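All remarks here apply to the structure that follows.
The values are calculated or read from the model by the stated rules, or taken from the named source; none is laboratory data. Quick caveat: nothing in here was measured; it's all calculated off a predicted structure. A quick note on method: Cβ atoms are made from the backbone with ideal geometry, for glycine too, and the neighbour counts reach across all protein chains shown.
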Amino acid sequence: MIISRLRLITFDVTDTLLKFRSGPGHQYGEIAAIYGILCDRNILSANFKAHWRKMNQEHPNFGLYSGLGWEHWWKMVVKGTFKDSHFNLDDKKLDNVASHLIEIYKTSICWEQCHGVSELLSYIRSKGIPIGIISNFDPRLSTTLVNTRLRHYFQFVLTSYEVGVEKPDTKIFEEAMKASKLKNLKPEECLHIGDKTALDYLGARSSGWHGAVIIDRNPELLKEQYPVVETNHLFKDLFHLQKYFINSTREKLTGHSLY
């Protein structure tokens, strides 16, 4: 995996480029308190996970396929989370909480960059390689990237909601190649970087891409769970991926580029 052989690099977002500053249970609890709703944060966290899974199963891709729409999808997640956490909550008050949360999750109040993000993106851009986003996300993503000071690195941002299909569907990877506007681009010249083996790694590989990099805090455990992932495509964070790229091209390590 030598960077000089690549013509396009794409990234996933959640837990690859950006991570939550605090868990949804904590964030939901903070916003609800503004409206006089007090709930146990641990209960909120458990209920959020349950409703998020339920909505994904019943209305995948943020309600696009069922006509629900992403904003109503999220309002149903929020309302379900709170209604299972507290009795007799006022619907109008919950609407206000949901709208507030939808807006605040566009900002750096809720998101922060993962370790090594800006350094790696700057390094890739210095090589003249176009960078894009492929994410199972709703249409707020571009605004979120602007607010977290990352949008300027990317030539394009593709969300599953706007493309109409989710990773690992090969169509979203094909759309990324088109969005790059690179002439005669071949799948084997493309690399995708993400944190979900089934969505990111297998999605890119089934699309004929050179491959995908998986970012995981415990690479040894992930390798045991997914032997299909090649060892040199598995890194604990983006810092170590940048270090790998530099070593593979025999560049000198400098404090500016890595630290």
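All but one of (1) in contact (Cβ under 8 Å) with a residue 24 or more places away in the chain; (2) not assigned by TED's automatic domain parsing to the domain that holds His210 hold for Leu150; state the number of the condition that does not hold. With respect to (1) in contact (Cβ under 8 Å) with a residue 24 or more places away in the chain; (2) not assigned by TED's automatic domain parsing to the domain that holds His210, Leu150 is out only on (2). A single member of Leu222, Leu238 is touching a helix residue (DSSP H, G or I) at 6+ places or on another chain (Cβ under 9 Å), in contact (Cβ under 8 Å) with a residue 40 or more places away in the chain and aliphatic (A, V, I, L, M), and it is Leu238.
One line per residue, one yes/no per condition, for (1) at pLDDT 95 or above; (2) among the polar types (S, T, N, Q):
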{"site": "Ile31", "(1), (2)": "yes, no"}
{"site": "Cys39", "(1), (2)": "no, no"}
{"site": "Asn61", "(1), (2)": "yes, yes"}
{"site": "Leu64", "(1), (2)": "yes, no"}
{"site": "Gly69", "(1), (2)": "yes, no"}
{"site": "His72", "(1), (2)": "yes, no"}
{"site": "Phe87", "(1), (2)": "no, no"}
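Answer yes or no: is there a residue in segment 181-198 that is in the same structural domain as Phe154 (by TED's automatic domain parsing), in contact with a Gly (Cβ under 6 Å, 6 or more places away or on another chain) and within 24 Å of Phe156 (Cβ to Cβ). Yes - at least one qualifying residue is present in segment 181-198. Looking at segment 234-251, can you tell me whether even one residue there is touching a His at 6+ places or on another chain (Cβ under 9 Å) and assigned to a helix (DSSP H, G or I)? Yes: segment 234-251 contains one or more residues that are touching a His at 6+ places or on another chain (Cβ under 9 Å) and assigned to a helix (DSSP H, G or I).
Going residue by residue through segment 226-233, is there one that turns out to be polar (S, T, N, Q) and part of a loop (DSSP other than H, G, I, E, B)? No, segment 226-233 contains no residue that is polar (S, T, N, Q) and part of a loop (DSSP other than H, G, I, E, B).
Each row is one residue, and each column tells you yes or no for (1) among the hydroxyl-bearing types (Ser, Thr, Tyr); (2) more than 30 Å from Asp216 (Cα to Cα); (3) surrounded by 14 or more Cβ atoms within 10 Å (Cβ to Cβ).
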{"residue": "Gly25", "(1), (2), (3)": "no, no, yes"}
{"residue": "Ala32", "(1), (2), (3)": "no, yes, yes"}
{"residue": "Ile43", "(1), (2), (3)": "no, no, yes"}
{"residue": "Arg53", "(1), (2), (3)": "no, no, no"}
{"residue": "Pro60", "(1), (2), (3)": "no, no, yes"}
{"residue": "Leu94", "(1), (2), (3)": "no, yes, yes"}
{"residue": "Trp111", "(1), (2), (3)": "no, no, yes"}
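Number of residues in segment 124-143 that are out of contact with any helix residue (DSSP H, G or I) (no Cβ under 8 Å at 6 or more places or on another chain) and either outside any loop (DSSP other than H, G, I, E, B) or among the acidic types (Asp, Glu) (or both) equals 3.
Can you work out which of the residues in segment 165-198 that are under 14 Å from the mean Cα position of the chain (by Cα) and assigned to a loop (DSSP other than H, G, I, E, B) is surrounded by the most Cβ atoms within 10 Å (Cβ to Cβ)? Checked segment 165-198; the qualifying residue surrounded by the most Cβ atoms within 10 Å (Cβ to Cβ) is Lys167.
When only residues in segment 141-162 that are surrounded by fewer than 19 Cβ atoms within 10 Å (Cβ to Cβ) and farther than 23 Å from Ser4 by Cα count, which is nearest to the chain's Cα centre (by Cα)? Of everything passing the filter in segment 141-162, Ser142 is nearest to the chain's Cα centre (by Cα).
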